[in-house]
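**Student:** Attaching a single structure in structure tokens format; questions to follow.
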Amino acid sequence: MRIKRVMLGALCAAVGLTMAAGGVPALVRVSADPAGPDTSGYPARMVTIIVSAPPGGGLDIAARVVADRLAKMWGRPFVVENRPGAGGNLGTKAVAFAEPDGYTLLAAQPAPLTVNAILYKNLGYEPSALQPIAIMTSIPDALIVRGDFPAASLVELIAYAKSNPGKVNFGSQGIGTKSHLAGELFARVTGTKLTHVPYRGTMQAVNDLIAGHLDMVFFQVDSLREQYEAKKVKMLAVTTEERVASVPEVPTMREAGVEGVLADTWNALAAPPKTPAAIGSKLNRAVNEVLKEPATIEHLRGMSMTPVGGTPDDMKTMIAEENGRWGEVIRAAKISLD
């Protein structure tokens with residue numbers, strides 16, 4: 001079950017969906033939680049959102065858009081603080097041990113909330129103890145190859161890789177990242193043998209792909225969209241259930257002939273363990289309201305991001321699903337850190 005199915009099922013069952021401009025499902029206001037302490041005075045001071053990734057990426061952008069709108073909604077500063085490192089663990093650990101008062105929040109990509117518990121033997125925090133608030137956005141990924149790669153389609157790529165086992169390499173943002181796991185999943189599903197080349201982030205891998213030193217990557221569509229439009233790279237397929245609006249001519253994996261490779265990225269908000277449910281509910285309602293604003297939708301879509309929202313339980317469902325799916329890939333490929 002992917003993000004779209006989780007959201008449609010949960011929200012339709014609860015209250016139904018309205019339609020925003022362009023036929024996009026609009027997020028609905030979550031009903032107030034009658035239980036818990038009075039939160040009418042929250043927030044009474046500055047709220048810090050710790051982003052577990054470097055500035056400039058999809059997670060950072062989503063966090064800053066949401067922080068800006070929450071600040072305007074509540075008249076209190078929401079400050080974004082980047083704490084990248086160790087696959088997102090550094091920033092996540094800081095929030096895991098912060099005061100559970102709603103004034104320190106986490107903006108995280110999937111790994112520190114999901115697979116890092118499988119990858120790292122000594123994580124230093126318990127991901128399941130963090131309090132889910134909501135999934136902010138989903139970001140489509142794509143299989144992208146260098147401009148002069150001797151394949152113009154997914155079928156041709158698979159045939160070439162099978163004829164040259166181990167000679168086709170793929171780059172990632174690091175061992176155990178979604179871009180690494182997507183490559184391992186693709187190799188397993190297609191019966192190909194690929195060589196993994198880990199990088200410390202996105203930009204060096206992008207530069208090497210453009211320069212022809214790297215064969216392929218599973219990166220976010222927007223990270224290479226300009227180079228794709230300039231024909232410096234080839235985008236063979238998107239790893240989402242449906243085509244991506246910013247590159248409508250690029251087929252999905254299924255359309256291109258490969259089933260079972262879904263690897264879009266999502267960005268979420270969470271709070272420290274034991275944060276009062278009433279504060280989490282108030283934050284959840286506000287985030288959902290922000291994500292259904294037309295200006296927010298337009299802003300995020302301009303960067304190939306889709307607002308998601310939903311309930312904390314929706315986020316728990318997504319985390320459990322990701323753990324199951326990617327845990328299987330990690331164990332099959334014998335990937336481990338520490």
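**Student:** Need the list of lysines near Lys292 for cross-linking: C-alpha distance under 22 angstrom, and skip anything on the same chain fewer than eight residues off.
**Tutor:** Here the lysines satisfying the reach criterion relative to Lys292 are Lys4, Lys72, Lys282, Lys316.
**Student:** Now for a different question. Write down the percent of antiparallel bridges among all DSSP beta bridges whose residues are both part of the chain, to the nearest 5.
**Tutor:** 60
**Student:** Another question about this same structure. Select from the range 160-235 those trypsin sites (Lys or Arg not before Pro) which occupy a DSSP coil region and have at most 13 other Cβ atoms within 10 Å, ordered by residue number.
**Tutor:** Lys167, Lys193, Arg200, Lys231
**Student:** By how many degrees, between 0 and 90 and to the nearest 10, does the Cα long axis of helix 154-163 differ from the longest principal axis of the chain?
**Tutor:** It works out to around 60 degrees.
**Student:** On a 0 to 90 degree scale, rounded to 10, what angle separates helix 58-74 from the longest Cα axis of the chain?
**Tutor:** 20
**Student:** For the range 64-107, what does the equivalent ellipsoid look like in terms of its semi-axes, each the square root of 5 times an eigenvalue of the Cα gyration tensor, given largest first in whole Å?
**Tutor:** 22, 13, 6
**Student:** Follow-up. Can you give the Rg to Rh ratio of the range 123-269, both from alpha-carbon atoms, with Rh computed by the Kirkwood formula?
**Tutor:** 0.98
**Student:** At what distance in nm do the modelled label points of Ala332 and Ala245 sit from each other, each positioned 7 Å from its Cα along Cα→Cβ?
**Tutor:** Placing both labels 7 Å beyond Cα along the Cβ direction yields 3.3 nm.
**Student:** Return the calculated 222 nm mean residue ellipticity for the chain, to the nearest 500 deg cm²/dmol, obtained by summing -39500 (n - 2.57) across DSSP H runs with n ≥ 4 and dividing by the residue count.
**Tutor:** Value at 222 nm, helices only: -11000 deg cm²/dmol.
**Student:** What percentage of the solvent-accessible surface of the chain, computed with a 1.4 Å probe over protein heavy atoms, is contributed by carbon and sulfur atoms?
**Tutor:** About 54 percent, which is the carbon plus sulfur part of the accessible surface.
**Student:** Still on this model: Hey, what does the equivalent ellipsoid look like for the chain, semi-axes from the Cα gyration tensor as sqrt of 5 times each eigenvalue, largest first, whole Å?
**Tutor:** 35, 21, 18
**Student:** As I understand it, the value is the acute angle between the Cα axis of helix 277-291 and the longest principal axis of the Cα atoms of the chain; what does it come to in degrees, rounded to 10?
**Tutor:** Rounded to the nearest ten degrees, it is 60.
**Student:** Find the relative contact order for the chain and round it to a whole percent, using C-alpha pairs within less than 8 Å whose residues are 6+ positions apart.
**Tutor:** 27
**Student:** Exceeding 19 Å between C-alpha atoms, which entries from my cross-link table qualify? They are Lys162/Lys232; Lys193/Lys334; Lys93/Lys274; Lys121/Lys334.
**Tutor:** Flagged as over cut-off: Lys162/Lys232.
**Student:** Follow-up question, since we're still on this one. Tell me the volume per residue, in Å³, of the convex hull enclosing the alpha carbons of the range 171-215.
**Tutor:** It comes to 62 Å³ per residue, whole-number rounded.
**Student:** Under a 1.4 Å probe, what is the accessible area of the chain per residue, stated in Å²?
**Tutor:** Result: 43 Å² per residue.
**Student:** How big is the Rg/Rh ratio for the range 87-168, C-alpha atoms only, Rh by Kirkwood, two decimals?
**Tutor:** Here the Rg-to-Rh quotient is 1.20.
**Student:** To continue, here is another question. How long is the gain from Arg76 to Asn164 if the chain were fully straight, where each residue apart is worth 0.36 nm and the alpha carbon distance is subtracted?
**Tutor:** Stretched out fully, the Arg76 to Asn164 stretch lengthens by 25.9 nm.
**Student:** When N counts the residues of the range 238-316, how does its alpha-carbon radius of gyration compare numerically with 2.2 N^0.38 Å, as a ratio?
**Tutor:** The reported ratio for this selection is 1.38.
The values are calculated or read from the model by the stated rules, or taken from the named source; none is laboratory data. If you're wondering where the values come from, they're calculated on a predicted model, not measured in any experiment. In this analysis, Cβ positions are derived from the backbone assuming ideal geometry, glycine residues included, and neighbour counts consider all displayed protein chains. Quick note on the areas: whole protein, heavy atoms, side chains included, nothing else; ligands and nucleic acids left out. Shrake-Rupley method; radii C 1.70, N 1.55, O 1.52, S 1.80 Å.
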